[in-house]
Amino acid sequence: MPPPLTFLPVTPERWPDMERLFQARGGPKHCWCMVWRPMPAGASRSGSAAKKTAMESLVRGGTPAGIIGYLEGDPAAWCSIAPRPTYRDLGGPINSSDTPDAVWSLACFFVLRRLRGQGVSRQLLDAAIAHARDSGASVVEAYPVAPDSPSYRFMGFAPLFEAAGFERIGAAGSRRQVMRLWL
């Protein structure tokens, strides 16, 4: 039985929770989930401080960035889910009939090490889908890899998305699949 998490979008008021989660042991403090997001003009992609500042600016500016999973009130998991225009090119198809925020991209998962292997990723995925739907998305697009992939594992594994009803629509590079769920 997976631990019962509650999920909330990251907001300026929840920025301290995101900081705490990302700076936890094993947390993504090196990337601050900015790998697929554009950096401000003149900012370096090489330093974690610049990435943290860029993510904080997005959150404090009201740009959707993702959801935080809470276990007993403490931040325990993260999913980067936001309108595709808030990211750099992730490799999915661009359809001119899509309204700008119709497609939401799911680009990253992070779960505290002690909670891994307990079904938290499925809870995160379900909560991310619900968040995108509630925010007006008509499609959730993801870029997972095979479970034995040596890289991009933070983007999730294809079987998880298949089990949730996503369909493979293409590839992005040699490892990432492009999968969509129509809402």
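The values are calculated or read from the model by the stated rules, or taken from the named source; none is laboratory data. Computed from a prediction, not measured in an experiment: that's the story for all the values here. Cβ sites come from the backbone with ideal geometry, for glycine too, and all protein chains shown count toward neighbours.
Among the residues of the range 155-182 satisfying the criterion of being surrounded by fewer than 16 Cβ atoms within 10 Å (Cβ to Cβ) and outside any strand (DSSP E or B), which is modelled with the lowest pLDDT?
Gly173
With the checklist (1) touching a Gly at 6+ places or on another chain (Cβ under 9 Å); (2) without any contact (Cβ under 8 Å) to a residue 40 or more places away in the chain; (3) within 18 Å of Thr86 (Cβ to Cβ) in hand, flag the one item Ala172 doesn't pass.
So Ala172 meets the others, but not (2).
Where residues in the range 93-117 are β-branched (Val, Ile, Thr) and crowded, with 19+ Cβ neighbours inside 10 Å, which of them is modelled with the highest pLDDT?
The qualifying residue modelled with the highest pLDDT is Val111.
State all residues of the range 101-130 that are of a type outside the set (A, V, I, L, M) and assigned to a loop (DSSP other than H, G, I, E, B); if no residue qualifies, say none. I'd like the intermediate steps shown before the answer.
Within the range 101-130, the subset of a type outside the set (A, V, I, L, M) is 101, 104-105, 108-110, 113-114, 116-119, 121-123, 126.
Matches in the range 101-130: Asp101, Arg116, Gly117, Gln118, Gly119.
Any residue at all in the range 40-63 that's under 25 Å from Gly91 (Cβ atoms), touching a Leu at 6+ places or on another chain (Cβ under 7 Å), at pLDDT 95 or above and not in a helix (DSSP H, G or I)?
So far as the range 40-63 goes, no, none of its residues is under 25 Å from Gly91 (Cβ atoms), touching a Leu at 6+ places or on another chain (Cβ under 7 Å), at pLDDT 95 or above and not in a helix (DSSP H, G or I).
Among the numbered criteria (1) crowded, with 21+ Cβ neighbours inside 10 Å; (2) in contact with a Ser or Thr (Cβ under 8 Å, 6 or more places away or on another chain); (3) not basic (Lys, Arg), which one does Pro144 miss?
For Pro144, the failing item is (2).
Return the residues of the range 131-141 that are outside any loop (DSSP other than H, G, I, E, B) and exposed (fewer than 14 other Cβ atoms within 10 Å of the Cβ); say none if nothing qualifies.
Asp134, the sole residue that qualifies.
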